[in-house]
Amino acid sequence: MLSLSFSSPFPHSYLPKPLSLSTNNRRLHVFIKNQFTGAGIPSPEEPVVTPAGLRRELMPKHMAIIMDGNRRWARSRRLMPQAGYLAGARALKKVMELCSKWGIQVLTVFAFSSENWLRPKIEVDLLMGLLANKLKDEIDYMGREDIRLSVIGDVSKIPQSLREFITHGENTTKNNSRLNLVIAINYSGKYDIVQACQSIALKVKDGVVEPEEINELMIDNELGMKSMQLPYPDLLIRTSGEVRVSNFFLWQLAYTELYFTETLWPDFGEDELLRALHVFQQRRRRYGV
Amino acid sequence: MNLHCSISSDFNHVQVHHILSFDQVQHENQTSFKLIMDAKKITQIYEGLGTLARKCIFSILSVSIIPNHIAFIMDGNRRYSKQHNLIQGAGHRIGFTSLMSMLKYCYELGIKYVTIYAFSIENFKRSPEEVQSLMDLIQEKIEGLIKEESIVNQYGVRVYFIGNLKLLSKPVRLAAERAMEATAKNSRAVLSICIAYTSTDEILNAVVESCEERWDDKSEMNLIGVEDIERHMYMAVTPDPDVIIRTSGETRLSNFLLWQSGNCVLYSPAVLWPEIGFRHLVQAVLEFQKHFGYLRKQKRI
């Protein structure tokens, strides 16, 4: 059944909400096939499609998501937090499939922030275990779907077993090109800048560069993301109604469009993603000028 | 004598119309002076009532926590000019009036720190005429700030100019330095005006200064940490903002306070900057209060 719905206004913005097309029958979506002009070349069997209402040329190249609300989701259903994280992992897989299908080249997700270490140990161990299991389970899927796995953040503090899964995953998928899934583990925007500053300081110490030669491009090149030659995020989505960036990315967010939604992460699906992309495509990006 | 009075929704602007009947016109000359004096008194009374109404609303808001630092991204001046078919630059002048009103409300509410994004380094890429007219306006308004009757002296506001001031022309830079010097003794509130500022430039400057600080003892170069960078930030003179308000409905930071906005509530009303009013400030404070509990828990965690 095809239905049209007008949702209530965002609590955090007075922008009118776009029309949302919701249907249980996927065949009723109208797709427009387009040439994929991204970084990689998809297999001919799975061309990139653009959903109805969106424009191919305005799709974000890099989308970042702060997957907030897993514990709240579990609490609202009187479940343990691990149920929330598992549901969140399922939502992530769904969003990965959609990004891959719609030609979004890079998807960065924030799995674990530096501040999360202060949570109870049992919860931290649970999260690390879940990450390790998911990486193990999904590596074959990523191989099949031509998805590359990358990890950013200070991995020195995470358990050895998870570090091994990460290295194995990165090596196995390094030639994949349809979608680059970047997982931020123990990442902090400030930490990223400090480590860039430290490596520049070492260059100054060794006499390779003078302090007056330091410029924004140099800091750019030292940041974790840039070493992978990834573009800065075009769109940052944060779920669960929190309207802040919480030190997830910092330098890279200078001109990123921010999108906040009340939906909890495990409930974030195709409709919500379409809505976010629709709002993104209506924004006038001036890059500060 | 018939008086028609109307008050704007922010309780700040009062219009008083004096409607005369035919008989009264004959005695107009004799009574006109007295009528003007009465109209002025009535305007003052209504303005006083407006201030009182605002104070009542502020007392209600103050029951819960009030933000210590609010930052404004004043977006939408040019769109306002276009929408109302005004000459170029008029939108910015009207935007300045809105800014003065917002500053007044913030200081009345008891918000100690206010930061505004006046001019970005990227804005230098606009047309030379537009940049020059903006610089002229900025210089004119900075000189107005130093005057006795200006808002900074009324509320005891210390003014900082935050940014790469070397990029400004000499007259503007000198005016900024004079304003900072003239208000250095004020201590009740702080106004940070970000001019020739981008956050990436601020971080770059902090990195360079951190390296230069250790120039004499190079063995400590790799010990540079978060505290060193924060110490050298232009915005080290104020605490981190609690709320960033960006008008015109755009939800992005545009290279503003990237380092400082990690745990800050972002509020983006669709209204253009010259149209911003009292109710938007109230709404922003309510948003801050709504998220404060969770934010405080996160900070503790």
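If only the Cβ of Lys and Arg carry +1 and only the Cβ of Asp and Glu carry -1, the dipole of the range A:111-164 around its Cα centre is close to 160 debye.
Note on A:Lys174 and A:Arg119: the model spin-label points, each 7 Å out from Cα along the C-beta direction, lie 3.1 nm apart.
Shielding value for B:266-275 is 3, the average number of Cβ atoms from other chains within 10 Å of each residue's Cβ. Annotation for B:Met100 and B:Leu49: the two label points, set 7 Å from Cα along the Cα-Cβ direction, are 2.4 nm apart. Measuring from centroid to centroid over Cα atoms, what is the spacing of the range B:144-173 and the range A:61-99 in Å? Taking the Cα centre of the range A:61-99 as reference, the centre of the range B:144-173 is 48 Å away. Mind giving me the FRET efficiency for A:Glu97 and A:Gln282? R0 is 25 Å, r the Cβ-Cβ distance, nearest 0.05 is fine. It comes out at approximately 0.50. Give a quick list of chymotrypsin sites (Phe, Trp or Tyr not before Pro) in the range A:243-289 that DSSP marks as loop, anything other than H, G, I, E or B, with at most 15 other Cβ atoms within 10 Å. Qualifying residues, ordered by number: A:Tyr287.
With r as the distance between the Cβ atoms of A:Gln229 and B:Gln83 and R0 = 45 Å, compute the FRET efficiency 1/(1 + (r/R0)^6) and round to 0.05.
Details: r = 42 Å, r/R0 = 0.93.
Computed FRET efficiency for B:Gln83 and A:Gln229 comes out at 0.60.
Distance between the pseudo-spin-label points of B:Gln132 and B:Ser64 (7 Å out from Cα toward the beta carbon): 5.0 nm.
Scaled against the 2.2 N^0.38 Å expected of a compact globular protein of N residues, the Cα radius of gyration of the range A:59-103 reads 1.36. The radius of gyration of the Cα set in the range B:115-260, together with its Dmax, comes out at 16.7, 53 angstrom.
Assuming R0 = 56 Å, can you tell me the calculated FRET efficiency for the pair B:Arg93 and B:Cys56, based on Cβ-Cβ distance, to the nearest 0.05? Write out the running numbers ahead of the final one.
On the way: r = 31 Å, r/R0 = 0.56.
The formula returns an efficiency of 0.95 here.
Here's how it looks for A:Asn186: its modeled amide H is under 5 Å from those of A:Phe112, A:Ser113, which are all 5 or more places away or on a different chain.
Computed 3J(HN,Hα) for the range A:84-100, one whole-Hz value per residue from the Karplus formula 6.51 cos²θ - 1.76 cosθ + 1.60 where θ = phi - 60°, is x, 5, 5, 4, x, 5, 5, 5, 5, 4, 4, 5, 4, 4, 5, 4, 4, glycine and proline marked x. The length gained on full extension between A:Met80 and A:Thr167, counted as 0.36 nm times the residue separation minus their Cα-Cα distance, comes to 28.3 nm.
None of the figures in this text is laboratory data; all of them are computed from the coordinates on show. Computed from a prediction, not measured in an experiment: that's the story for all the values here. In this analysis, Cβ positions are derived from the backbone assuming ideal geometry, glycine residues included, and neighbour counts consider all displayed protein chains.
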